[in-house]
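Everything below concerns the one structure shown next.
The values are calculated or read from the model by the stated rules, or taken from the named source; none is laboratory data. Computed from a prediction, not measured in an experiment: that's the story for all the values here. Cβ sites come from the backbone with ideal geometry, for glycine too, and all protein chains shown count toward neighbours.
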Amino acid sequence: MGTYLIVGAGAIGTVVAEELAQQGHAVRLLSRRGTGPEHSLIERVTGDASDSATVTRHATGTDAVFQLRQSPLPPLANGLAPHRQRVARGRGNQWLETRHPQQPLRLRTSDRADDAARPAQCRLRKGSGARHDVVDAKRAHDDGRIRATEVRASDFIGPRSESYLGLFIPRIIANKSCQVIGNIDAPHSWNYTKDVAHTLVTCAQDERSWGRAWHAPANPACTVRQGH
């Protein structure tokens, strides 16, 4: 069995930790508050996940690092470079700009990270640093400093999720009114947290995943009104 470091104890980091522990792997779950599920194989570590020295120290002796906290890659990559560490990155809540914003975006099962970073049918647009972060990850991999793979997802739904959809679903089930953020007639896809976590774990354990970006399984795009 292996040992893994998970940087970030959010919805996906927590579910990834649970899946790895269920497989019999030792897990170090690093976050500012040292939170996470209670399990004999999960070590909850308190520390600054944005500090490369802290991450590098806890990454020593691990099989791979799951970067699930949205922090800049270069400091982390520089710290892990001497070990040529494997880094599985998760990016959720991706905003994508398309040529036809009213049409659902159809993605292949996998895509090259460098292709996704260049303007084509779509391009990453979440924040000013998202596109640069993708390029940095691919460059660090190509330069041999780290071995990187990336799993991309939309908004989350399911266990541990705190998305706005998860907040109003109980009210819908109870036949109560609720307030919805955004356009209720705009098509949107959602990723089940366990699907995203399983994709990350699979990519981190499969040699074929390195140097590429992968899209987590998602439902066909539908509107909030249709989902209701």
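Structure notes:
- Unmet requirement for N219, which otherwise passes all of (1) surrounded by fewer than 19 Cβ atoms within 10 Å (Cβ to Cβ); (2) at pLDDT 85 or above; (3) among the polar types (S, T, N, Q): (2)
- For first residues located in segment 138-149 and surrounded by fewer than 17 Cβ atoms within 10 Å (Cβ to Cβ), partners that are modelled with pLDDT under 80 and of a type in the set (K, R) and lie 6+ apart or on another chain with Cβ distances below 7 Å form the pairs G144/R84.
- Selection within segment 20-47 - crowded, with 17+ Cβ neighbours inside 10 Å, closer than 22 Å to S161 by Cβ and modelled with pLDDT of 95 or more: L20, A21, V27, L29, I42, R44
- Within segment 179-216, considering residues that are closer than 18 Å to A21 by Cα and polar (S, T, N, Q), the one surrounded by the most Cβ atoms within 10 Å (Cβ to Cβ): T193
- First in segment 204-217 and within 17 Å of H25 (Cβ to Cβ), second anywhere and small (G, A, S) and part of a loop (DSSP other than H, G, I, E, B), Cβ under 9 Å, 6 or more apart: Q205/G2
- Here S50 clears all of (1) small (G, A, S); (2) surrounded by fewer than 19 Cβ atoms within 10 Å (Cβ to Cβ); (3) at pLDDT 80 or above; (4) not in a helix (DSSP H, G or I) except the condition numbered (3).
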